[in-house]
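For reference, the structure is listed below as C-alpha coordinates.
The values are calculated or read from the model by the stated rules, or taken from the named source; none is laboratory data. Here the structure is a predicted model, which is why all the values come from computation and not from measurement. A quick note on method: Cβ atoms are made from the backbone with ideal geometry, for glycine too, and the neighbour counts reach across all protein chains shown.
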Amino acid sequence: MLAPPDAEARRFVLRITSAGDRYVGSFDLQSAPGSNVRRDVRGETCEDVASGLAVAVALAIDARASAEPPGPEPHPVESNRIPLPEPSPPLTTDDRPPSPPKHPAPPSSEESELRTLVSAGARLDANGAVSVVLPTIVAFVDIAWRVPVRRAPLFAVRPVLRGGVRQSFTRTASAGEGGADIQWRTGFVELCPTHLALPARISLEGCLAFNAGQLLAEARGLPEAHATRLWLDSGVELGARWQVHRHVFVALSAGLWYPIIRDRIRVEPDRIVSEAPPLGPSVGVGAGYLF
(Lines give C-alpha, C1' and ligand atoms only; values in the text may rest on other atoms or scores of the structure.)
Protein backbone atom coordinates (compact mmCIF):
# COMPACT_ATOMS: atom_id res chain seq x y z
CA MET A 1 0.00 0.00 0.00
CA LEU A 2 1.39 3.48 -0.86
CA ALA A 3 1.62 6.06 1.94
CA PRO A 4 -0.16 9.47 1.57
CA PRO A 5 2.06 12.36 0.43
CA ASP A 6 2.15 13.92 3.92
CA ALA A 7 2.73 10.64 5.76
CA GLU A 8 6.04 9.08 6.68
CA ALA A 9 6.64 6.14 4.35
CA ARG A 10 8.07 2.87 5.57
CA ARG A 11 9.94 0.39 3.37
CA PHE A 12 9.90 -3.38 3.90
CA VAL A 13 12.68 -5.58 2.49
CA LEU A 14 12.31 -9.39 2.81
CA ARG A 15 14.91 -11.99 1.90
CA ILE A 16 15.13 -15.76 2.29
CA THR A 17 18.45 -17.58 1.85
CA SER A 18 19.65 -21.11 2.53
CA ALA A 19 22.48 -21.87 4.95
CA GLY A 20 23.44 -25.52 4.76
CA ASP A 21 20.38 -27.57 5.62
CA ARG A 22 18.48 -24.60 7.15
CA TYR A 23 16.84 -21.44 5.83
CA VAL A 24 17.41 -17.86 7.07
CA GLY A 25 14.91 -15.07 6.50
CA SER A 26 15.68 -11.37 7.05
CA PHE A 27 13.20 -8.51 7.45
CA ASP A 28 14.45 -4.90 7.15
CA LEU A 29 12.15 -2.02 8.16
CA GLN A 30 13.21 1.45 7.00
CA SER A 31 10.91 4.14 8.47
CA ALA A 32 13.17 7.20 8.19
CA PRO A 33 16.49 8.09 6.54
CA GLY A 34 19.24 6.33 8.45
CA SER A 35 16.74 4.35 10.55
CA ASN A 36 16.83 0.63 9.83
CA VAL A 37 15.46 -2.23 11.96
CA ARG A 38 16.34 -5.82 11.07
CA ARG A 39 14.75 -9.09 12.17
CA ASP A 40 16.00 -12.60 11.36
CA VAL A 41 13.97 -15.80 11.32
CA ARG A 42 15.55 -19.25 11.02
CA GLY A 43 13.88 -22.58 10.31
CA GLU A 44 14.30 -26.02 8.81
CA THR A 45 12.03 -25.36 5.82
CA CYS A 46 11.44 -22.43 3.52
CA GLU A 47 7.71 -22.56 4.41
CA ASP A 48 8.47 -22.06 8.13
CA VAL A 49 10.70 -19.06 7.43
CA ALA A 50 8.16 -17.50 5.03
CA SER A 51 5.40 -17.86 7.64
CA GLY A 52 7.58 -16.20 10.29
CA LEU A 53 8.38 -13.28 8.00
CA ALA A 54 4.67 -12.87 7.23
CA VAL A 55 3.93 -12.54 10.96
CA ALA A 56 6.68 -9.92 11.31
CA VAL A 57 5.30 -7.88 8.41
CA ALA A 58 1.75 -8.07 9.79
CA LEU A 59 2.90 -6.72 13.15
CA ALA A 60 4.93 -3.96 11.47
CA ILE A 61 2.00 -2.62 9.43
CA ASP A 62 -0.56 -2.84 12.28
CA ALA A 63 -2.07 0.62 12.82
CA ARG A 64 -1.68 0.23 16.60
CA ALA A 65 2.03 -0.36 16.25
CA SER A 66 4.33 2.47 17.40
CA ALA A 67 5.67 4.76 14.67
CA GLU A 68 8.84 5.29 16.71
CA PRO A 69 11.74 3.02 15.85
CA PRO A 70 11.83 0.02 18.15
CA GLY A 71 14.46 -0.50 20.76
CA PRO A 72 17.79 -2.23 20.36
CA GLU A 73 17.80 -5.28 18.13
CA PRO A 74 17.14 -8.42 20.15
CA HIS A 75 19.05 -11.63 19.70
CA PRO A 76 17.97 -13.38 16.48
CA VAL A 77 15.10 -15.74 17.12
CA GLU A 78 15.75 -19.32 16.09
CA SER A 79 12.92 -21.76 16.01
CA ASN A 80 12.45 -25.21 14.54
CA ARG A 81 8.77 -24.60 13.94
CA ILE A 82 6.84 -21.33 13.95
CA PRO A 83 3.10 -21.84 14.45
CA LEU A 84 0.89 -20.31 11.81
CA PRO A 85 -1.41 -17.56 13.12
CA GLU A 86 -5.14 -17.82 12.70
CA PRO A 87 -6.11 -16.37 10.30
CA SER A 88 -2.83 -16.51 8.40
CA PRO A 89 -1.82 -13.15 6.91
CA PRO A 90 -1.67 -13.03 3.12
CA LEU A 91 1.70 -13.85 1.58
CA THR A 92 3.21 -12.11 -1.40
CA THR A 93 3.65 -14.03 -4.63
CA ASP A 94 7.38 -14.56 -4.00
CA ASP A 95 6.80 -15.92 -0.48
CA ARG A 96 4.11 -18.44 -1.28
CA PRO A 97 5.15 -22.08 -0.94
CA PRO A 98 5.09 -24.11 -4.15
CA SER A 99 1.68 -25.48 -5.01
CA PRO A 100 1.23 -29.26 -4.89
CA PRO A 101 1.67 -31.10 -8.21
CA LYS A 102 -1.44 -31.40 -10.30
CA HIS A 103 -2.94 -34.75 -11.09
CA PRO A 104 -1.89 -36.07 -14.52
CA ALA A 105 -4.29 -35.28 -17.28
CA PRO A 106 -6.42 -38.16 -18.51
CA PRO A 107 -5.07 -39.90 -21.61
CA SER A 108 -6.06 -38.42 -24.92
CA SER A 109 -8.30 -40.31 -27.29
CA GLU A 110 -5.25 -41.01 -29.46
CA GLU A 111 -3.56 -42.85 -26.55
CA SER A 112 -6.64 -44.61 -25.23
CA GLU A 113 -7.70 -46.26 -28.50
CA LEU A 114 -6.16 -49.18 -30.35
CA ARG A 115 -4.49 -47.77 -33.47
CA THR A 116 -3.47 -49.53 -36.67
CA LEU A 117 -0.39 -48.16 -38.44
CA VAL A 118 0.40 -49.10 -42.05
CA SER A 119 3.75 -48.51 -43.74
CA ALA A 120 5.52 -49.60 -46.91
CA GLY A 121 9.13 -49.50 -48.01
CA ALA A 122 12.08 -51.05 -49.82
CA ARG A 123 15.44 -52.36 -48.67
CA LEU A 124 18.75 -53.53 -50.18
CA ASP A 125 20.04 -56.73 -48.53
CA ALA A 126 23.20 -58.79 -48.74
CA ASN A 127 22.09 -62.40 -48.18
CA GLY A 128 24.59 -65.13 -47.40
CA ALA A 129 22.06 -67.86 -46.65
CA VAL A 130 21.48 -69.04 -50.24
CA SER A 131 24.88 -69.99 -51.67
CA VAL A 132 27.22 -67.19 -52.60
CA VAL A 133 26.37 -63.78 -51.12
CA LEU A 134 23.46 -62.42 -53.16
CA PRO A 135 22.55 -58.71 -53.32
CA THR A 136 18.77 -58.61 -52.96
CA ILE A 137 15.99 -56.06 -53.34
CA VAL A 138 13.26 -56.34 -50.69
CA ALA A 139 9.83 -54.69 -50.98
CA PHE A 140 7.55 -54.85 -47.95
CA VAL A 141 4.30 -53.68 -46.38
CA ASP A 142 3.74 -53.90 -42.64
CA ILE A 143 0.82 -53.42 -40.29
CA ALA A 144 1.45 -52.47 -36.65
CA TRP A 145 -1.04 -52.32 -33.78
CA ARG A 146 -0.34 -49.72 -31.10
CA VAL A 147 -1.62 -51.07 -27.79
CA PRO A 148 -3.50 -48.37 -25.77
CA VAL A 149 -1.44 -47.25 -22.75
CA ARG A 150 -1.50 -44.07 -20.67
CA ARG A 151 2.22 -43.63 -20.99
CA ALA A 152 4.25 -45.87 -23.31
CA PRO A 153 6.94 -47.75 -21.38
CA LEU A 154 10.43 -48.31 -22.72
CA PHE A 155 9.64 -51.94 -23.55
CA ALA A 156 6.17 -52.13 -25.08
CA VAL A 157 4.15 -54.77 -26.87
CA ARG A 158 3.40 -53.46 -30.34
CA PRO A 159 2.87 -56.40 -32.72
CA VAL A 160 3.93 -55.94 -36.33
CA LEU A 161 2.90 -58.19 -39.23
CA ARG A 162 5.06 -57.74 -42.33
CA GLY A 163 4.90 -59.29 -45.79
CA GLY A 164 6.66 -58.78 -49.09
CA VAL A 165 8.95 -60.17 -51.77
CA ARG A 166 12.70 -60.65 -52.19
CA GLN A 167 14.38 -60.67 -55.61
CA SER A 168 18.14 -61.14 -55.95
CA PHE A 169 20.41 -59.70 -58.59
CA THR A 170 22.05 -62.27 -60.85
CA ARG A 171 25.30 -63.61 -59.41
CA THR A 172 27.74 -65.79 -61.37
CA ALA A 173 29.18 -68.86 -59.65
CA SER A 174 32.30 -70.32 -61.29
CA ALA A 175 32.76 -74.06 -61.76
CA GLY A 176 36.03 -74.97 -63.46
CA GLU A 177 36.07 -73.52 -66.95
CA GLY A 178 32.33 -72.91 -66.84
CA GLY A 179 29.88 -71.36 -64.46
CA ALA A 180 26.24 -70.62 -63.76
CA ASP A 181 24.12 -67.54 -63.15
CA ILE A 182 22.29 -67.81 -59.81
CA GLN A 183 19.03 -66.03 -58.97
CA TRP A 184 16.79 -66.28 -55.93
CA ARG A 185 13.26 -65.00 -55.46
CA THR A 186 10.84 -65.55 -52.56
CA GLY A 187 7.81 -64.22 -50.82
CA PHE A 188 8.09 -63.76 -47.06
CA VAL A 189 6.09 -63.22 -43.90
CA GLU A 190 7.46 -61.76 -40.65
CA LEU A 191 5.89 -61.47 -37.20
CA CYS A 192 7.47 -58.99 -34.80
CA PRO A 193 5.86 -59.26 -31.33
CA THR A 194 8.08 -56.78 -29.44
CA HIS A 195 8.87 -53.11 -29.75
CA LEU A 196 11.63 -51.25 -27.89
CA ALA A 197 11.20 -47.47 -27.95
CA LEU A 198 14.32 -45.32 -27.59
CA PRO A 199 14.90 -41.55 -27.60
CA ALA A 200 15.21 -39.55 -30.84
CA ARG A 201 12.36 -41.48 -32.55
CA ILE A 202 14.37 -44.70 -32.73
CA SER A 203 12.80 -48.13 -32.18
CA LEU A 204 14.08 -51.71 -32.19
CA GLU A 205 12.17 -54.89 -32.95
CA GLY A 206 12.73 -58.64 -33.05
CA CYS A 207 11.00 -60.76 -35.70
CA LEU A 208 10.38 -64.36 -36.70
CA ALA A 209 10.46 -64.80 -40.49
CA PHE A 210 9.65 -67.41 -43.15
CA ASN A 211 10.65 -67.40 -46.85
CA ALA A 212 9.20 -69.55 -49.64
CA GLY A 213 10.25 -69.30 -53.28
CA GLN A 214 12.67 -70.50 -55.96
CA LEU A 215 16.40 -70.86 -56.48
CA LEU A 216 17.32 -70.71 -60.18
CA ALA A 217 20.59 -71.53 -61.97
CA GLU A 218 21.44 -71.22 -65.65
CA ALA A 219 24.71 -72.41 -67.21
CA ARG A 220 26.75 -69.63 -68.79
CA GLY A 221 26.31 -69.65 -72.56
CA LEU A 222 23.79 -72.51 -72.48
CA PRO A 223 20.26 -71.09 -72.12
CA GLU A 224 18.76 -74.57 -72.30
CA ALA A 225 20.87 -75.81 -69.39
CA HIS A 226 19.06 -74.47 -66.33
CA ALA A 227 17.67 -75.75 -63.05
CA THR A 228 14.97 -74.57 -60.65
CA ARG A 229 14.74 -75.65 -57.02
CA LEU A 230 12.10 -75.04 -54.36
CA TRP A 231 13.40 -72.79 -51.60
CA LEU A 232 12.18 -72.75 -48.00
CA ASP A 233 13.89 -71.20 -44.99
CA SER A 234 13.09 -69.64 -41.61
CA GLY A 235 15.01 -67.36 -39.33
CA VAL A 236 15.14 -64.48 -36.90
CA GLU A 237 15.66 -60.85 -37.80
CA LEU A 238 16.48 -57.77 -35.73
CA GLY A 239 15.41 -54.40 -37.05
CA ALA A 240 16.05 -50.76 -36.16
CA ARG A 241 13.94 -47.88 -37.41
CA TRP A 242 14.57 -44.12 -37.25
CA GLN A 243 11.50 -41.96 -37.86
CA VAL A 244 13.22 -38.97 -39.46
CA HIS A 245 9.86 -37.38 -40.30
CA ARG A 246 6.26 -37.94 -39.33
CA HIS A 247 5.83 -40.11 -42.44
CA VAL A 248 9.39 -41.04 -43.51
CA PHE A 249 11.67 -43.58 -41.81
CA VAL A 250 15.05 -45.24 -42.35
CA ALA A 251 15.41 -48.94 -41.49
CA LEU A 252 18.33 -51.29 -40.75
CA SER A 253 18.12 -55.07 -40.41
CA ALA A 254 20.28 -58.07 -39.55
CA GLY A 255 19.13 -61.69 -39.73
CA LEU A 256 20.20 -65.29 -39.31
CA TRP A 257 18.56 -67.90 -41.56
CA TYR A 258 18.16 -71.67 -41.51
CA PRO A 259 17.56 -73.23 -44.99
CA ILE A 260 14.91 -75.94 -44.65
CA ILE A 261 15.65 -77.28 -48.18
CA ARG A 262 19.35 -77.40 -49.15
CA ASP A 263 19.38 -78.78 -52.68
CA ARG A 264 22.69 -78.65 -54.51
CA ILE A 265 22.94 -77.40 -58.08
CA ARG A 266 25.71 -78.98 -60.17
CA VAL A 267 27.31 -78.33 -63.53
CA GLU A 268 28.80 -81.27 -65.42
CA PRO A 269 31.08 -82.94 -64.72
CA ASP A 270 29.73 -82.89 -61.16
CA ARG A 271 30.87 -79.42 -60.10
CA ILE A 272 28.70 -77.72 -57.45
CA VAL A 273 27.71 -74.14 -58.27
CA SER A 274 25.15 -73.63 -55.49
CA GLU A 275 24.86 -75.11 -52.03
CA ALA A 276 23.20 -73.38 -49.08
CA PRO A 277 25.13 -73.28 -45.77
CA PRO A 278 23.57 -74.71 -42.57
CA LEU A 279 23.10 -71.13 -41.31
CA GLY A 280 23.48 -67.90 -43.20
CA PRO A 281 23.48 -64.20 -42.23
CA SER A 282 21.94 -61.19 -43.91
CA VAL A 283 22.17 -57.42 -43.45
CA GLY A 284 20.19 -54.65 -45.07
CA VAL A 285 19.39 -50.94 -45.19
CA GLY A 286 16.29 -49.25 -46.56
CA ALA A 287 13.61 -46.61 -46.17
CA GLY A 288 9.85 -46.37 -46.13
CA TYR A 289 6.71 -44.29 -45.72
CA LEU A 290 4.32 -44.38 -42.76
CA PHE A 291 0.75 -43.68 -43.83
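Selection of the range 220-252 for residues being under 16 Å from the mean Cα position of the chain (by Cα) and of a type in the set (D, E, K, R) yields 241, 246.
Tell me which residues, restricted to the range 168-183, are at pLDDT 75 or above and surrounded by 14 or more Cβ atoms within 10 Å (Cβ to Cβ). Residues satisfying the conditions are 168, 171, 173, 179, 180, 181, 182, 183.
Listed here are the residues, each with its yes/no results for (1) of a type in the set (Lys, Arg); (2) at pLDDT below 90; (3) in contact with a Leu (Cβ under 7 Å, 6 or more places away or on another chain).
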site: 153; (1), (2), (3): no, yes, no
site: 158; (1), (2), (3): yes, yes, no
site: 185; (1), (2), (3): yes, no, no
site: 191; (1), (2), (3): no, no, yes
site: 197; (1), (2), (3): no, yes, yes
site: 212; (1), (2), (3): no, no, yes
site: 225; (1), (2), (3): no, yes, no
site: 231; (1), (2), (3): no, no, yes
site: 236; (1), (2), (3): no, no, yes
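Taking the listed residues 132, 149, the one that is surrounded by 14 or more Cβ atoms within 10 Å (Cβ to Cβ), modelled with pLDDT under 85 and farther than 16 Å from residue 237 by Cα is 132, with no other qualifying.
Using the structure shown, decide if residue 291 is surrounded by 13 or more Cβ atoms within 10 Å (Cβ to Cβ), touching a strand residue (DSSP E or B) at 6+ places or on another chain (Cβ under 8 Å) and within 27 Å of residue 161 (Cβ to Cβ). For residue 291, the condition - surrounded by 13 or more Cβ atoms within 10 Å (Cβ to Cβ), touching a strand residue (DSSP E or B) at 6+ places or on another chain (Cβ under 8 Å) and within 27 Å of residue 161 (Cβ to Cβ) - is not met. In the range 185-217, of all residues being buried (at least 19 other Cβ atoms within 10 Å of the Cβ) and more than 20 Å from residue 236 (Cα to Cα), the one that is farthest from the chain's Cα centre (by Cα) corresponds to 217.
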